[in-house]
Amino acid sequence: MSMSEGEKVFKDPVHGYIYVHDPLIWDLINTREMQRLRRIRQLGTTYFAYPGGDHSRFSHSLGVYEVIRQMIHAFDRNGYPWPHDYDRLVMVAGLLHDVGHAPFSHALEKFLQRRHEWWSVALIESPVTEVHQVLESQQPGLAKAVADVIAKRFPSPLAVSLVSGQLDADRLDYLMRDSLATGVDYGKFDLARIIRVLQPLEDRLVVRQSALHTVEAYLLARYFMYWQVYFHPVSRAGEVLLRGILDRARTLLSAGESLLMPHPALLPFVTGELTVEEYLAMDDMILYTAFASWQDGPDPILRDLCQRFLYRRLFKEVPWSQVAPLGIDTIRDLVRAHGYDPGYYCVVDETSTVYYDYYLGSDREPNHANAIWLYDKRSGRITEVSSVSLPIQAIASEHRPLRRLYVPEDVWRDPAFQHIVQEQDRRGAS
Ligand code: CA
């Protein structure tokens, strides 16, 4: 479709409308790689915990583009110097930054041993993709420049910071979108004001001094969203099953067992050796189709794990600190006594994040490239936010990994299991 009719709009729950004026953006939205993101859940298995949290990577990608578009407009309205040569580059990079996501977004990155950023760059640079062809036909070398912005190797740190930084369009959109979709209200913050108080200053993005509390609200929203949504034990339980299914399928294949493969891209996906074409063929729907066929297959473990995933018979968890290190062998024996293979039914899940990636803590050095800077126009001084904010100091120093042990519910309910947990608790306390 051409853009001869003028402006295109998408209705959007976060931004009201998403406006497209540039035919290049429109052509990129209509590539098969971008349209594939409609079939990938933004929050992976979070819908097990929050039924509303099943929105797609596609709407988030449009949202990131829209936030960058609004940022550039706000720079102009306020008369801030912004290099307009970069307009198209950063809007395209925002739109395409997540194009490399695997099925269920982050949930399978460990299984595939590649992060989505690697795939985003690979897809944009690969001559077989439509996004590559659209970019190169617009301007030779554009694909590489866009990939460089996403990979943070583009020469202008200012251009990169709009797409990925501590206060970037990506985080601004996903926090608002995920909070709206899940119904977790304390993940919200004043997005319009953040966009209004950002300004380019030489090679970095700074925040107007008077907006300290707006920044605090944003960082606290991020903190709450991690604890309430991204680290939710039920959401992680879904990931544990998802990884278990694919690990089991991989083990069966390498043992020479045959597996029903409802799509040709499944075999390379399970073995982990994928071409760009095969990677792009995979989405959430194909995995559901595979699970639906494996739930009746000959292997009892694969069958059971698929049924658990399809019908939400999730494992239950206890904090790892209540188990490790003394109780784990006893628990593995107990899991075996219940008739389960502990390799799949006694799983330690570990996750962690950094809420604000700039440390003032005793053992870590501050990283200036990862700071959020407040700018005082009168004095011309810039100040790093956590140095003037107690709440930000508190969350900036919080970066412990979160570990949980997952077992099937019947094991979890076994008084012997609860006894081990309580016993460890008592030892830990004394
Ligand atoms: Ca993103």
Whole angstrom only: what separates the Cα centroid of region 99-145 from the Cα centroid of region 229-268? 23
Hey, got the dipole for region 243-313? About the Cα centre, +1 on K and R Cβ, -1 on D and E Cβ, debye to the nearest 20? 400
Applied in sequence order to region 221-229, the curve 6.51 cos²θ - 1.76 cosθ + 1.60 (Karplus, θ = phi - 60°) yields integer Hz couplings, x standing for Gly and Pro, of 4, 5, 4, 5, 5, 4, 6, 7, 10
Looking only at Y174, Y86, Y223, which one moves most when the chain is put into a Gaussian network model with springs between Cα atoms under 10 Å? Y86
Separation of the T330 and V128 label points, Cα + 7 Å toward Cβ, nm: 5.4
In region 249-352, with Lys and Arg counted as +1 and Asp and Glu as -1 at Cβ, which of these residues, H263, V276, W320, has the Cα nearest the positive end of the dipole, that is, farthest along it? W320
For peptides 346-355, 7-16, 313-322, 142-151, sequence by mean Cβ density within 10 Å, most packed first: 142-151, 313-322, 346-355, 7-16
Apply the Karplus curve 6.51 cos²θ - 1.76 cosθ + 1.60, θ = phi - 60°, to the phi angles in region 55-60 and return the couplings in whole Hz, x for Gly and Pro. 6, 9, 4, 5, 5, 5
Theoretical gain in end-to-end length, E365 to K144 [0.36 nm per residue, Cα-Cα removed]: 76.3 nm
Between Y17 and T289, with labels modelled 7 Å along Cα→Cβ, what's the label distance in nm to one decimal, could you check? 3.8
In debye to the nearest 20, the charge dipole size for region 2-230, taken about the Cα centre with +1 at each Lys and Arg Cβ and -1 at each Asp and Glu Cβ, equals 520
Taking the Cα centre of region 122-268 as the origin and placing charges on Cβ (Lys, Arg +1; Asp, Glu -1), which of P140, Y223, S235 is farthest toward the positive end of the dipole? Y223
Treating only the Cβ of Lys, Arg, Asp and Glu as charged (+1, +1, -1, -1), what charge dipole size does the chain show about its Cα centre? Round to the nearest 20 debye. 780
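How much of the DSSP beta bridge set in the chain is antiparallel, as a percent to the nearest 5?
Values: 23 of 26 bridges.
Around 90 percent of the beta bridges assigned by DSSP in the chain are antiparallel ones.
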Which percent of the Cα-Cα distances in the chain go past 36 Å? 33
At 222 nm, what value in deg cm²/dmol follows for the chain if DSSP H runs of at least 4 each add -39500 (n - 2.57) and the sum is divided by all its residues, to the nearest 500? -14500 deg cm²/dmol
Go through V388, W26, W412 and say which Cα lies farthest out towards the positive end of the charge dipole of the chain; charges sit on Cβ, +1 for Lys and Arg, -1 for Asp and Glu. V388
Two-site FRET efficiency, R32 against I382, from Cβ-Cβ distance with R₀ of 51 Å, rounded to 0.05: 0.70
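Computed from the coordinates by the stated procedures, all read-outs in this text should not be read as laboratory data. Just so it is clear, the structure is predicted and the values come from calculations on it, not from any experiment. Virtual Cβ from ideal backbone geometry, glycine too; neighbours counted across all protein chains shown.
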